[in-house]
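In what follows, a single structure is set out as structure tokens and then discussed.
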Amino acid sequence: MKKKLKLAFMVNESARKITYNKRKKSLNKSMAEITTLCGIDACGIIYSEFHSEPEVWPSPSEVQRIINKFKNHFEFEQGNKKKLSHETYLTQRVTKSKVQLVKLEKNNLEMQKSLTLYQCLLQESFIKTLNSDVLNVIACEINGKLEEIASKANELDTNATR
């Protein structure tokens, strides 16, 4: 039984080169086996400090053919999807963000109104600290709530008499 190999960078250059060559040979053998046994396309490109040019398997022309097949597959897939330029994408994101900001500002205003109403109910003296604009907004809010309550009460009365 083999002992477990500790995976770490090999400092010894000659040992690292020997391991590199053994592993590269094993990797190429595995790729050859899987392509033969399964009838699939596979290729490998290895950049190393031991060679100035990248090493390819099985051959440069076959690697190029497989890479083109890979690229064409994704270009076809993306052709079916809506393509966006960088500018279009950013414009869409800005528009979505502006819509979200408007919603959040509206929600924030509603919460401020509710908080103010709550504080007015909690402390009678609080209402004296508000200016006329805020008081008008509160009055409109109260009138709106009263209309909602009256409408709901009428709806319930109508349903009860049926």
Right, residue 120: over 43 Å from the mean Cα position of the chain (by Cα) and in a helix (DSSP H, G or I) or not? yes
What number goes with the only condition from (1) over 30 Å from residue 9 (Cα atoms); (2) open to solvent by 80 Å² or more (accessible area, probe 1.4 Å); (3) charged (D, E, K, R) that residue 113 does not pass? (2)
Need pairs with beta-carbon distance below 6 Å; first residue free of Cβ contacts under 8 Å to residues at least 60 places away in the same chain and within the range 5-31, second part of a loop (DSSP other than H, G, I, E, B) and open to solvent by less than 80 Å² (accessible area, probe 1.4 Å); sequence gap 6+ or separate chains. 16/10; 17/50; 31/42
Quickly run through the range 125-162 and pick out the residues that are surrounded by fewer than 11 Cβ atoms within 10 Å (Cβ to Cβ), among the acidic types (Asp, Glu), modelled with pLDDT under 90 and within 27 Å of residue 112 (Cα to Cα). 133
Tally up the residues in the range 19-46 that are open to solvent by 60 Å² or more (accessible area, probe 1.4 Å) and aromatic (Phe, Trp, Tyr), please. 0
Note: among 13, 49, just one is more than 19 Å from residue 63 (Cβ to Cβ) and exposed (fewer than 10 other Cβ atoms within 10 Å of the Cβ), namely 49
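The values are calculated or read from the model by the stated rules, or taken from the named source; none is laboratory data. Small disclaimer: the values here were computed from a predicted structure and weren't measured. Note: ideal-geometry Cβ built from the backbone for every residue, glycine included; neighbour counts use all protein chains shown. Surface accessibility is based on the protein's heavy atoms, side chains included, excluding ligands, DNA and RNA. Shrake-Rupley method; radii C 1.70, N 1.55, O 1.52, S 1.80 Å.
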